[in-house]
Amino acid sequence: MQTNFRGRDFIGDLDFSKEEVETVLEVAWDLKRKRALGEPHPLLRDKTLAMLFFFSSTRTRGSFEAGMAQLGGHGAFIDSETTQISHGDTAKEIGEIFGRYFDGIAIRQCDWDFGNKYENEVAKYSRAPVLNMQCDIYHPFQCLADLMTIMEKKGRDLRRKRIVVSWAYAASYLKPISVPQSLIVQMPRFGMDVVLAHPPEFNLMPDIVEQAKEQARKYGVGFDITHSMEEGFKDADVVYAKSWGPLLTTADKVEGKRLQDSYKSWITDAPKMKLAKPDAIYMHPLPADRNIEVTDEVIDGPNSVVYDEAENRLHAQKAVMALTMS
Ligand code: CP
């Protein structure tokens, strides 16, 4: 078990080794059990976390704030729009200053070709760890919760289990590409065969795909890409289908929406779920465009684990906060 976490940032999924992720999951399950038993676990008494948001959130905000309170500390919600960041506070200034006020700085900054750079710049100047609540490249806490959920449903040994990470149509907005990118780099380390399915214009970042292939080679698992949703779903143990924007194809939102609208058939519905294994689980980080991205029948159906998945955000994040901020 690797336990050297104190003071470390968690910005990219591979910032923690496989053994370190295993430690995080063990701590997360311990904290989940303690919460179920009503057993106090004030591991971060008197500690504070800055929760800096540049983008809206339901689950991330709620779970980080509740998590800090359950650990005996305090999570301070800070909306970038109502701070002097909107009048010019730099990433360096945020790192230097918040790093002195707080014991951790959690940031959600998803702006394309900016968010990850911003978080790393804050981290460079902060004496407190920086935790990535989602950037333009990664959503590592979502991925930890996803891994935890998959292990709860499919067992700790995930070798020869097949996950399809699929694009799905959405009408609401062009969603970030961070969730599928985190999934394809993290899941091969735990033995899963990964199939990435998306229309041709919805590529992920080439260096992230290369990293995923490298992890797949290292851990002796499969990594395949298909441009057919049906092909991707075949024989899957885990169906993880969500929308993302065509950010590698166009930066133009109108063109992006036009492209997105040309793939309305990419919905997760019962006939497509039938292509997967009968006991396949359906996952989505939420929010989902209901009856556009996924039918009510699937997301509310017996194979859906979306609420357990959302719950595990709390436990996984508490584990990382307790390990890095204590
Ligand atoms: N899954 C997720 O990150 O949800 P929020 O955008 O609501 O935080």
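Restricting the range 129-142 to residues that are touching an Asp or Glu at 6+ places or on another chain (Cβ under 8 Å) and surrounded by 24 or more Cβ atoms within 10 Å (Cβ to Cβ), the residue that is nearest to GLY191 (Cα to Cα) is PRO140. Considering the range 67-81, the residues that are part of a helix (DSSP H, G or I) and within 20 Å of the chain's Cα centre (by Cα) include one that is farthest from the ligand (Cβ to nearest atom), namely MET68. Taken together, GLN181, GLN142, GLN134 contain a single residue that is touching a helix residue (DSSP H, G or I) at 6+ places or on another chain (Cβ under 7 Å), within 12 Å of the ligand (Cβ to nearest atom) and more than 19 Å from ASP308 (Cα to Cα), which is GLN134.
Matching residues to (1) farther than 26 Å from VAL298 by Cα; (2) in contact with a strand residue (DSSP E or B) (Cβ under 6 Å, 6 or more places away or on another chain):
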site	(1), (2)
PRO199	no, no
ASN203	no, no
VAL209	yes, no
GLU214	yes, no
LYS218	yes, no
GLU231	no, no
ALA241	no, yes
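Residues in the range 278-305 that are β-branched (Val, Ile, Thr), within 20 Å of ALA171 (Cβ to Cβ) and away from the ligand (no atom under 16 Å from the Cβ): ILE292, THR295, VAL298.
ASP46 meets all of the listed conditions (1) within 23 Å of the chain's Cα centre (by Cα); (2) on the phi > 0 side of the Ramachandran plot but one, namely (1). Here MET283 clears all of (1) assigned by TED's automatic domain parsing to the domain that holds MET148; (2) out of contact with any Asp or Glu (no Cβ under 8 Å at 6 or more places or on another chain); (3) not β-branched (Val, Ile, Thr) except the condition numbered (2).
Taking the conditions exactly as written (away from the ligand (no atom under 16 Å from the Cβ) and touching a residue at least 24 places away in the same chain (Cβ under 8 Å)), does LYS175 satisfy them or not? Considered against the rule, which asks whether it is away from the ligand (no atom under 16 Å from the Cβ) and touching a residue at least 24 places away in the same chain (Cβ under 8 Å), LYS175 comes out as no. Only one of the numbered conditions (1) surrounded by 22 or more Cβ atoms within 10 Å (Cβ to Cβ); (2) of a type outside the set (Lys, Arg); (3) without any contact (Cβ under 8 Å) to a residue 40 or more places away in the chain is not met by PHE64, and that is (3).
Inclusion of ASN203 among residues that are away from the ligand (no atom under 16 Å from the Cβ), more than 22 Å from LYS153 (Cβ to Cβ) and not acidic (Asp, Glu) is warranted.
What about PHE64, is it within 16 Å of the ligand (Cβ to nearest atom), among the hydrophobic types (A, V, I, L, M, F, W, C), not assigned by TED's automatic domain parsing to the domain that holds LEU247 and not in a strand (DSSP E or B)? Criteria met by PHE64.
Entry remark, the range 32-56: residues being surrounded by fewer than 18 Cβ atoms within 10 Å (Cβ to Cβ) and within 16 Å of the ligand (Cβ to nearest atom) number 2 in total. Would you check if ASP30 is farther than 21 Å from ALA310 by Cβ and either assigned by TED's automatic domain parsing to the domain that holds ALA319 or free of Cβ contacts under 8 Å to residues at least 60 places away in the same chain (or both)? Here the answer is no, as ASP30 does not meet what is asked.
For residues in the range 237-277 being among the small types (Gly, Ala, Ser) and under 23 Å from PRO176 (Cβ atoms), which is surrounded by the fewest Cβ atoms within 10 Å (Cβ to Cβ)? Of everything passing the filter in the range 237-277, SER265 is surrounded by the fewest Cβ atoms within 10 Å (Cβ to Cβ). Any residue in the range 259-274 that is closer than 30 Å to GLU20 by Cβ and aliphatic (A, V, I, L, M)? There is no residue in the range 259-274 that is closer than 30 Å to GLU20 by Cβ and aliphatic (A, V, I, L, M).
Conditions tested, residue by residue: (1) of a type in the set (A, V, I, L, M, F, W, C); (2) free of Cβ contacts under 8 Å to residues at least 40 places away in the same chain; (3) within 16 Å of the ligand (Cβ to nearest atom); (4) in a loop (DSSP other than H, G, I, E, B).
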{"position": "TRP244", "(1), (2), (3), (4)": "yes, no, yes, yes"}
{"position": "GLU255", "(1), (2), (3), (4)": "no, yes, no, no"}
{"position": "TRP266", "(1), (2), (3), (4)": "yes, no, no, yes"}
{"position": "THR324", "(1), (2), (3), (4)": "no, no, no, no"}
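Consider the range 87-128 and keep the residues that are basic (Lys, Arg) and either part of a helix (DSSP H, G or I) or within 16 Å of the ligand (Cβ to nearest atom) (or both). The one that is surrounded by the fewest Cβ atoms within 10 Å (Cβ to Cβ) is ARG100.
The values are calculated or read from the model by the stated rules, or taken from the named source; none is laboratory data. Not measured: the values here are computed from a predicted model. Every residue, glycine as well, gets a Cβ built from its backbone with ideal geometry; the counts of neighbours run over all protein chains shown.
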